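The values are calculated or read from the model by the stated rules, or taken from the named source; none is laboratory data. Keep in mind it's a predicted model, so treat the numbers as computed, not measured. No Cβ is skipped: glycine too gets one built from the backbone with ideal geometry, and neighbour counts run over all protein chains shown. Surface accessibility is based on the protein's heavy atoms, side chains included, excluding ligands, DNA and RNA. Shrake-Rupley method; radii C 1.70, N 1.55, O 1.52, S 1.80 Å.
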Amino acid sequence: MHLCIGEIAMALRKIRLELARTAEFPEGSSTRGYEFVAPLTDDGHLDAQDWRAQRSTCGVHRFWAGEDDAYGHLVHHRGDHWAFHYDDMSDKEEEEPIFRFDHHRFVVGEYVSITEHDGVQRTFRVAEVLPIP
């Protein structure tokens, strides 16, 4: 995986999201999703304060079978709005906003909705949460 990770605090985790069940993928898909690095609180919520201190280490990797992988960063905007911003994007409007990301617990089995670059909101299952060694 191509995430830039420098010095990291203990709260940083690598989180893997996989496409949840859809009409097209009734069992979901492990070949479509995201891996990203983010600071989490002890109960699994995003930690905005730690993110501000470590934002350059909070990379994202989007993988989607049949498409080129995309790399970028987790970004945070006023009002607790989170998004994935990719290195090849220049506009904020092209970011992938994440619905209520600040309210989600990142523990295996939970679900997250992301409005992807094609404008479609898709649901992803938290497949893995690992501490960064």
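Counting heavy atoms of the protein chains alone, Val108 has an accessible area of about 90 Å² for a 1.4 Å probe. Taking the inverse of the mean 1/r over every pair of distinct Cα atoms in the chain gives a Kirkwood hydrodynamic radius of 14.8 Å. Each helix, a run of at least 4 DSSP H residues, gives -39500 (n - 2.57); summed and divided by the residues of the chain, these come to -1500 deg cm²/dmol at 222 nm. A simple charge model with +1 on the Cβ of Lys and Arg, -1 on the Cβ of Asp and Glu and nothing else charged puts the dipole of the chain at about 400 debye relative to its Cα centre.
The mean accessible area for residues of the chain, using a 1.4 Å probe and ignoring ligands and nucleic acids, is 57 Å² per residue.
By accessible area, using a 1.4 Å probe on protein heavy atoms only, the chain has 46% of its surface on carbon and sulfur. For the range 99-133 versus the range 40-83, the spacing of their alpha-carbon centroids is 10 Å. With the highest mean first, a sort of the peptides 27-39, 73-85 on other beta-carbon atoms found within 10 angstrom per residue produces 27-39, 73-85.
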